[in-house]
Amino acid sequence: MQTWKRRALGYFVLLATTILLTATGYQTGMRVYEGRPQTFLDSLQFAVEMFTTTGFGGDAPWVSAEMQAFITVTDLLGMALLVSALPVFVAPVVESALSTTAPQELETDVTDHVVICSDTTRADELIRELEANDVPYVIVESDRERADELYEAGTRVVRADPESVDGLDAARLSSARALFADLSDQVDASIVLAAKELTDDVPVVSVVENPDAETYHRLAGADTVLSPRSLLGESLAAKVTTAARTGMIDAVGIEDHLQFAEISIRHGNRLAGRTLASSGIGKRSGANVIGVWVRGEFIPAPSPDTELVGGSVLLVSGRADQLERLAEMTRTSVRGFEAGRTVVIGFGQVGRAVAAELHKAGLPCTVIDREDVDCVDVVGDAIDPETLATAGIEEAETVVLALPDDTTTEFATLVIRDLVPETQILARVEERADISKTYRAGGDYVLSLARVTGRMAASQLLEGARDVVSLEQQIETTRRQVPSLDGLTIGEADVRGRTGCTVLAIEREDAIVTDIGPDTAIQPEDVLVVVGSEAAINAFEQEFQSGTG
C-alpha cells in the first residue's frame, strides 16, 4: 500500500509539471511562431484537452513548422502519460480484486495456540519448532502487504497491530497457550503491556536485544525474558573454557545421572582423520556419541565408519567422569599453543559475553574491535592481516568471531583460516542461511542468532512436549514406555536402527539405569529415555505409539 501511494504521488507530480510546462510552451509558440497570442488560461485549457484527449480543434491548423513539431511531440507525450497510468492505477486495482486479503481477526476456531508478534527471521525458527510439534500458531502482522503474502502462502495470520489490545484480541490471545514478542526492546515492552491488559492468564515470552532492558520487560509483565545474544556468547565461550559444554537434562527426570555435551575435535588432534569405530571413544571414555557435525552437516546416529575431521563437533551423553575422559582425548597436543589463548573479534553484546565468560574462567584473551573502548586490546579491522597479527593470531588456539555482519564474518573466516590453518574458529551469524557459507569458509563451529532465539523460545513455549538439548540443531529427548519391547534387549529392540534415536537411560522404579549396552534388558514398566533429531523423535513416536512416560 505504501508503495502504491508513493507511485501515485509521483505520477501526479509528473503530470502536473508536464501540463504546466506544455501550457507555457504553447503560449510562447502561439505568440512567436503563429502570431496568435493566447492567455495562459487558454494555453492551460489546450494542454488539459490534449492530455485528456478531449480535443483542441479550435486552434488548428498550425502553419509554422515549429508549432507543428511542438504539437507532434506533445501528442506523443500525452499518449505516453496515458499508458503509464495503467500500471500505476489500474494494475493495483485489478491485483487487489484478484488477490486474497489477510483477515483482521482469527478466522477458525483455534485454541491453545501460540500468538507470534510479528513475522521476523527469528520467528521463522520458532515456527519450525511449533510445526514439528504440531502446535498451532497465528502471526499478528501490522504490515498489510506482508500479511497478505503470508495468508496467500497458507500461513495463519491476522492483520492487526500487535501493540494494541484489539489486535491481540483479534488473535484470540485469551484462548492461546502463550504469546511470543520479538520486534524491538521498546515495541516488545508495549506488546507485553497490551497482552497483560487483555489477560493475565496467558504466559508472555519476550526477547531483548540489550540485557539491560530485561528489567523493564519484567515490569511490563513478561513471564519469561530471553536474551539470546548473551546466551549465544556464553555458548561460544563454553567451547573455549572447557573441552565440553554440558547441560543437565533434569527436565526428563535423570537429574545428576546423565549429562549432554558438545565436544570439538580440534585441528591437530590425534582423533582427526579417524573413523568413529577406530577412535575408541566409546570403549575408552564410556560416553555415547549421539550425533556429529562434520563441516557443518549434522549426522544423527552416525555409523561406525563416519570420519572425524578436524573441526568436527560430537554430541555425546554420559556421566561427568565419562565426559571428562572424552574431553581429555580431544585436547590437541600437536601445536604448542599458549594454554587457553583466545582472540575475540567484535565487542558487541555477543563479544562482551564471550570475554566475560573467559575472564571468569581465568583464561587470557585478546579483544579486537573497530571502536577504542574499555576492554578492547587492539583497535582495527577484523579482515586486516596486520590487525590480526598485532592481536597475536598466530599464537591463538581459538578465534571467536562475534561480528554483527555475516558477510564480514565469512570474509574474516577466510582470512584467518589462511593465516592459521590449524586454529579453531568459532563464529556467530545473524541468519540461518549464512551458517553453511561460514562453515564453507572454514569455520569450525557456527551459531545463528535466529536459530538460538527460536530454540530458546521453543524450550519455553513447548514445555511438556519435548525437551530441547541443542541450541544449534533440533536435538530433543522424550520419555516413553514401550510395552512391545518388554523382555527384549537393547540390541534386539534395535531402536537406533529402526528410528535413529539412541536410548540414553532407563527409568526403572526408583532407579536410573544409565549403563546401557546391547545386552541391557527392557523390563515391564520401564520408561525409555531417548534422544535424537526431530525426525528421529517423530519416527520413534510413530513406531512405538502406545504407552507414555
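When ligands, DNA and RNA are left out and all protein chains stay put, how many square angstrom of accessible area per residue does the chain have with a 1.4 Å probe?
Spelled out: the 1.4 Å probe surface of the chain, per residue, equals 46 Å².
Return the carbon/sulfur percentage of the accessible area of the chain, one whole number, probe 1.4 Å, all protein chains in place.
Exposed carbon and sulfur together represent 50 percent of the surface.
I'd like the antiparallel share, as a percent to the nearest 5, of DSSP beta bridges with both residues in the range 358-506.
15
Take the eigenvalues of the Cα gyration tensor for the range 341-451, scale each by 5, and report the square roots as semi-axes in whole Å, largest first.
The answer is 19, 16, 13 Å, longest axis first.
Can you give the longest run of the chain that contains no trypsin sites (Lys or Arg not before Pro) sitting in a DSSP loop with at most 15 other Cβ atoms inside 10 Å?
1-269
Under 8 Å for C-alpha pairs, at least 6 residues apart: give me the relative contact order for the range 345-408, rounded to a whole percent.
37
How far apart, in nm, are the 7 Å Cα→Cβ label points at Val110 and Leu82?
Between Val110 and Leu82, the simple spin-label model gives 4.9 nm.
Using the scaling law 2.2 N^0.38 Å as the reference, what is the normalised Cα Rg of the range 117-219?
Its radius of gyration relative to the 2.2 N^0.38 Å reference: 1.03.
For the range 159-209, take N as its residue count and report Rg(C-alpha) divided by 2.2 N^0.38 Å.
Numbers: Rg = 9.8 Å, N = 51, 2.2 N^0.38 = 9.8 Å.
My calculation over the Cα atoms of the range 159-209 gives 1.00.
GluC sites (Glu not before Pro), restricted to the range 325-424: which are DSSP loop and have at most 13 other Cβ atoms within 10 Å?
Glu338, Glu371
Quick query: amide H of Leu226 versus all other amide H atoms, modeled in the peptide plane; which residues come in under 5 Å with a sequence gap of 5 or more or a different chain?
So Leu226 has HN proximity to Ser206, Val207, Val208.
List, in order, the whole-Hz ³J(HN,Hα) value for each residue of the range 266-280 obtained from phi through the Karplus relation with A = 6.51, B = -1.76, C = 1.60 and θ = phi - 60°; use x for Gly and Pro.
Values per residue, Gly and Pro as x: 6, 4, x, 6, 5, 6, 5, x, 8, 7, 4, 5, 7, 6, x Hz.
Starting at the first residue of the range 361-376, write each ³J(HN,Hα) from the Karplus equation 6.51 cos²θ - 1.76 cosθ + 1.60 with θ = phi - 60°, in whole Hz, x for Gly and Pro.
7, x, 9, x, 8, 10, 9, 10, 7, 6, 9, 8, 10, 4, 6, 8
From Cα coordinates alone, what are the radius of gyration and Dmax values for the chain in angstrom?
That works out to 32.5, 113 Å for Rg and Dmax.
In percent, how large is the relative contact order of the chain, given Cα pairs closer than 8 Å and 6 or more residues apart? Working shown, then result.
Numbers: 1054 pairs, mean separation 52.8, N = 549.
10 percent.
The values are calculated or read from the model by the stated rules, or taken from the named source; none is laboratory data. Nothing here was measured: the structure is a model prediction, and the numbers come from that model. Backbone-built Cβ (ideal geometry, glycine too); neighbour counts: all protein chains shown. Side chains included, ligands, DNA and RNA excluded: accessible areas come from the protein's heavy atoms. Shrake-Rupley method; radii C 1.70, N 1.55, O 1.52, S 1.80 Å.
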